[in-house]
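This report refers to the structure that appears directly beneath it.
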Amino acid sequence: STTPVKVAVTGAAGNIGYSLLFRIASGALLGPDTPVELRLLEVTPALKALEGVVMELDDCAFPLLAGIETGDDAETIFDGVNAALLVGAMPRKDGMDRADLLAANGKIFTGQGAALNKSAADDVKILVTGNPANTNALIAMTNAPDIPRERFNALTRLDHNRAKGQLAKKLAVSVEEIKGLAIWGNHDDSMYPDLYNTTVGGKVAADLVDEAWIKDEYIPKVAGRGGAIIKARGASSAASAASATIDHMHDWVLGSDEIVSMSVPSDGSYGVPEGIISSFPCRVSNGSYEIVQGIELNDFSRERIMASAARLQGERDQVKELGLI
Ligand code: NAI
């Protein structure tokens, strides 16, 4: 179709935004035939910097970029949006603990959830990248009672891509040979990549490596990748986070032949309690997803998945206490 799709990005003047916007405008999000209108939300003090980013978008002369609107009012920016990428959040500052972060960022997502509820298009899909992503998505969802719950997702695709990349490296294979790999749980260091249901060239991945490698090297490496990048780069992962954000929304809208990792509202599958937004292996087609059913989980996997779900329940209880949901 030639009607532009309205794509909102929050935190558009931030690090991830600086990579994300150009990829969206070049067609990586919705394909080469779909024009996009960007709706960019920032806090007031960042609007000036955002102006500079918009100048650069103009200077790329992207054929698919049908328009850009910027502003600091969520309801105005979200008006009629079909996709919302909620990236903007406060980074943890010195002396802040997780509870402080949940409180500070939680408030952002009560307001943005309510604004989406009022002004987004009926078909809106919402993906939260800003941390703590899963619980922020839960807050936005709870504050948007008129939007179907399944439209709220959080990003664990970066963990998924990291898990794929590290396994491909270990086995010296192309990432394309890896099938069925998925992240379970929360986007934090408790996330669980299940190699027992992953295949590489048709063989079970866990059979191709030592169990000790999985437990002592692989999982900690995937979980600690963000920190390793900060150490090396002096700044947090932004291009890879933007790329994963694109991958998730692209597949949600356009489908994928592969199993993908998406943090979605739990329906109780695999004993993950309802009332949290947790990562599952999902299949996507025709603009919707389903949690893959019938996967056999061994005791180790089950234990790790339940531990990560417990983290999410803890975060949920905390934001409930704060009155955010
Ligand atoms: P950044 O600090 O460079 O940019 C964040 C931007 O959000 C800033 O420009 C800020 O002004 C804006 N912002 C803050 N409050 C806002 C609000 N209420 N409305 C609109 N904009 C607002 O941070 P960066 O590197 O772009 O990361 C953004 C978020 O993504 C962080 O929370 C980070 O932890 C998270 N992240 C998540 C990953 C994931 O896999 N789920 C991976 C990497 C980062």
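Residues in the range 129-160 that are free of Cβ contacts under 8 Å to residues at least 60 places away in the same chain and touching a strand residue (DSSP E or B) at 6+ places or on another chain (Cβ under 8 Å): Asn136, Ala140, Ala144, Ile147, Arg151. Please give the number of the condition Leu85 fails out of (1) over 16 Å from the mean Cα position of the chain (by Cα); (2) not in a loop (DSSP other than H, G, I, E, B). The one condition Leu85 does not meet is (1).
Residues considered: Ile147, Ile139. Of these, the only one that is over 30 Å from Lys221 (Cα atoms) and either among the basic types (Lys, Arg) or at pLDDT 95 or above (or both) is Ile147. Hey, Ser236 hits all of (1) touching a helix residue (DSSP H, G or I) at 6+ places or on another chain (Cβ under 8 Å); (2) more than 24 Å from Ile325 (Cβ to Cβ); (3) free of Cβ contacts under 8 Å to residues at least 40 places away in the same chain but one; which does it fall short on? Against the list (1) touching a helix residue (DSSP H, G or I) at 6+ places or on another chain (Cβ under 8 Å); (2) more than 24 Å from Ile325 (Cβ to Cβ); (3) free of Cβ contacts under 8 Å to residues at least 40 places away in the same chain, Ser236 comes up short only on (3). For the range 211-231, the criterion of being outside any helix (DSSP H, G or I) and hydrophobic (A, V, I, L, M, F, W, C) is met by none of the residues.
Does at least one position in the range 27-37 carry a residue that is within 15 Å of the ligand (Cβ to nearest atom) and crowded, with 21+ Cβ neighbours inside 10 Å? No, the range 27-37 contains no residue that is within 15 Å of the ligand (Cβ to nearest atom) and crowded, with 21+ Cβ neighbours inside 10 Å.
Within the range 210-261, the only residue that satisfies the criterion of being on the phi > 0 side of the Ramachandran plot and under 18 Å from the mean Cα position of the chain (by Cα) is Gly255. Residues satisfying the criterion are present in the range 128-148 (criterion: surrounded by fewer than 16 Cβ atoms within 10 Å (Cβ to Cβ) and either over 23 Å from Ile277 (Cα atoms) or in contact with a helix residue (DSSP H, G or I) (Cβ under 8 Å, 6 or more places away or on another chain) (or both)).
The values are calculated or read from the model by the stated rules, or taken from the named source; none is laboratory data. All figures in this text were calculated on a predicted structure; none of them were measured in a lab. Neighbour counts run over all protein chains shown; Cβ positions are idealised from the backbone, glycine included.
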